[in-house]
Amino acid sequence: MGEDSKIGNYPFVVEPFHVDFTGKLTMGVLGNHLLNCAGFHATEKGFGIAQLNENHYTWVLSRLAIELDEFPLQYESFSIQTWVENVYKLFTDRNFSILNKDGKTIGYARSVWAMISTATRKPADLLSLHGGKIVDYVCDKDCPIEKPARIKVASKEPAGEYMAKYSDIDCNGHLNSIKYIEHILDLFPMEVFKTKIIRRFEMAYVAESYYGDKLTFFVDGKSENEYDIEVKKNDTEVVVRSKVIFG
């Protein structure tokens, strides 16, 4: 199987409801597109969510890192490529490149996924999926950004609170992974987004949260443009850690 045949390529257009007040594609919408492309590609290769659900399994996102030089603008076309970098017993690494309307690469993303049982919520053995055929789709394509790092937050002073609501909950019954991105970015004032863009955004998903859970956000300012964020549910368990770097 050639390397090119292992790469999924998906076109998009930036709709008016996909942009923020600056006319640029929002990180939340881009995150949704990345996850959709992962789903499209997995389905084409025979290990999409619909196929897994038949055997009571599903994919869950564990880590995500996105780096961009620029954001597509309203009405512009762009595309996303995705491929599988590695497959381990319990996790798989999936990468992405984001290309502008001229085909120039303007960003990359790295993600880590686990397959879990919908009955037990425990990780399943990826190497047994379809007799281990998932490894046939590992692709040797460069993704020149750092892998998601370990994030530690020392702050004990809440920067914000939020109660998980109906619109936050996805088909797996827990808070949608992209909703965390939106709630984290809402911690920053509008003035930041008027003068800066998000250069790198990282998410580490630690545990699930559900409808009615109280989310509390803690922020460490590492520098003028770099912030580490931790999200706890119901004042106890950490559910998400994030890093935001502006430029």
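The values are calculated or read from the model by the stated rules, or taken from the named source; none is laboratory data. Here the structure is a predicted model, which is why all the values come from computation and not from measurement. All Cβ positions, even for glycine, are placed from backbone atoms using ideal geometry, and neighbour counts span all protein chains on display. Keep in mind that these areas ignore ligands, DNA and RNA; they rest on the heavy atoms of the full protein, side chains included. Shrake-Rupley method; radii C 1.70, N 1.55, O 1.52, S 1.80 Å.
Report every pair of residues separated by at least 6 positions or lying on different chains whose Cβ atoms are under 9 Å apart, first residue within region 130-147 and within 13 Å of PHE47 (Cα to Cα) and touching a residue at least 60 places away in the same chain (Cβ under 8 Å), second of a type outside the set (Lys, Arg) and open to solvent by 100 Å² or more (accessible area, probe 1.4 Å).
These pairs meet every condition: ASP136/MET1; TYR137/MET1.
Which residues, counting only those in region 182-205, are of a type in the set (Asp, Glu) and under 21 Å from the mean Cα position of the chain (by Cα)? If you could, list the steps in order and put the result at the bottom.
Of region 182-205, the ones of a type in the set (Asp, Glu) are 182, 186, 191, 202.
If the condition is that a residue be of a type in the set (Asp, Glu) and under 21 Å from the mean Cα position of the chain (by Cα), then GLU182, ASP186, GLU202 are the ones that fit.
Determine, yes or no, whether ASP136 is assigned to a loop (DSSP other than H, G, I, E, B) and open to solvent by 30 Å² or more (accessible area, probe 1.4 Å). First the steps, then the outcome.
Working: assigned to a loop (DSSP other than H, G, I, E, B): no; open to solvent by 30 Å² or more (accessible area, probe 1.4 Å): yes.
Criteria not met by ASP136.
Write out, first by first residue and then by second, each pair whose Cβ atoms fall under 7 Å of each other, whose residues are 6+ apart or on separate chains, and whose first residue, in region 34-62, is under 19 Å from GLY132 (Cβ atoms) while the second is open to solvent by less than 10 Å² (accessible area, probe 1.4 Å) and among the polar types (S, T, N, Q).
HIS41/THR82; LEU52/THR58
Would it be correct to say that LYS147 is open to solvent by 40 Å² or more (accessible area, probe 1.4 Å), part of a loop (DSSP other than H, G, I, E, B) and of a type in the set (Lys, Arg)?
Values: open to solvent by 40 Å² or more (accessible area, probe 1.4 Å): yes; part of a loop (DSSP other than H, G, I, E, B): yes; of a type in the set (Lys, Arg): yes.
Criteria met by LYS147.
I'd like the full set of residues that are touching a strand residue (DSSP E or B) at 6+ places or on another chain (Cβ under 6 Å) and either among the basic types (Lys, Arg) or open to solvent by 30 Å² or more (accessible area, probe 1.4 Å) (or both), limited to region 97-112.
Filtering region 97-112 for residues touching a strand residue (DSSP E or B) at 6+ places or on another chain (Cβ under 6 Å) gives 97-101, 105-112.
Across region 97-112, the qualifying residues are LYS101, THR105, TYR108, ARG110.
Restricting to region 189-208, and then to whatever is of a type in the set (A, V, I, L, M, F, W, C) and under 17 Å from LEU25 (Cα atoms), can you tell me which residue is surrounded by the fewest Cβ atoms within 10 Å (Cβ to Cβ)? First the steps, then the outcome.
Restricting attention to region 189-208, the residues satisfying the condition of being of a type in the set (A, V, I, L, M, F, W, C) are 190, 192-193, 197-198, 201, 203-204, 206-207.
Narrowing further to those that are under 17 Å from LEU25 (Cα atoms): 190, 192-193, 197-198, 201.
Values: MET190: 8, VAL192: 16, PHE193: 17, ILE197: 15, ILE198: 23, PHE201: 22.
The qualifying residue surrounded by the fewest Cβ atoms within 10 Å (Cβ to Cβ) is MET190.
Given VAL112, VAL135, VAL192, which one is hydrophobic (A, V, I, L, M, F, W, C), within 30 Å of HIS18 (Cα to Cα) and out of contact with any Ser or Thr (no Cβ under 9 Å at 6 or more places or on another chain)? Spell out the reasoning first.
Numbers: VAL112 fails: out of contact with any Ser or Thr (no Cβ under 9 Å at 6 or more places or on another chain); VAL135 fails: within 30 Å of HIS18 (Cα to Cα).
Sole residue among the options that is hydrophobic (A, V, I, L, M, F, W, C), within 30 Å of HIS18 (Cα to Cα) and out of contact with any Ser or Thr (no Cβ under 9 Å at 6 or more places or on another chain): VAL192.
Between a residue in region 224-247 that is free of Cβ contacts under 8 Å to residues at least 24 places away in the same chain and open to solvent by 50 Å² or more (accessible area, probe 1.4 Å) and any residue that is not small (Gly, Ala, Ser) and not in a strand (DSSP E or B), which pairs come within a Cβ distance under 7 Å, given they are 6 or more apart or on different chains?
From region 224-247, the pairs are ASN234/ASP213.
Go through region 10-21 residue by residue and tally those that are in contact with a helix residue (DSSP H, G or I) (Cβ under 9 Å, 6 or more places away or on another chain) and surrounded by fewer than 13 Cβ atoms within 10 Å (Cβ to Cβ). Break it down into steps so the answer makes sense when it comes.
Here is the first cut: in region 10-21, the residues in contact with a helix residue (DSSP H, G or I) (Cβ under 9 Å, 6 or more places away or on another chain) are 10, 12, 14-15, 17-21.
Filter again for surrounded by fewer than 13 Cβ atoms within 10 Å (Cβ to Cβ), leaving 15, 17, 21.
So the count comes out to 3.
May I ask you to list the residues in region 41-77 that are open to solvent by 10 Å² or more (accessible area, probe 1.4 Å), in a strand (DSSP E or B) and in contact with a helix residue (DSSP H, G or I) (Cβ under 9 Å, 6 or more places away or on another chain)?
Selection gives TYR57, TRP59, VAL60, LEU61.
I'm trying to understand the selection: among the residues of region 5-40, which are under 30 Å from ASP136 (Cα atoms) and either part of a loop (DSSP other than H, G, I, E, B) or more than 18 Å from the chain's Cα centre (by Cα) (or both)?
Answer for region 5-40, where residues must be under 30 Å from ASP136 (Cα atoms) and either part of a loop (DSSP other than H, G, I, E, B) or more than 18 Å from the chain's Cα centre (by Cα) (or both): SER5, LYS6, ILE7, PRO11.
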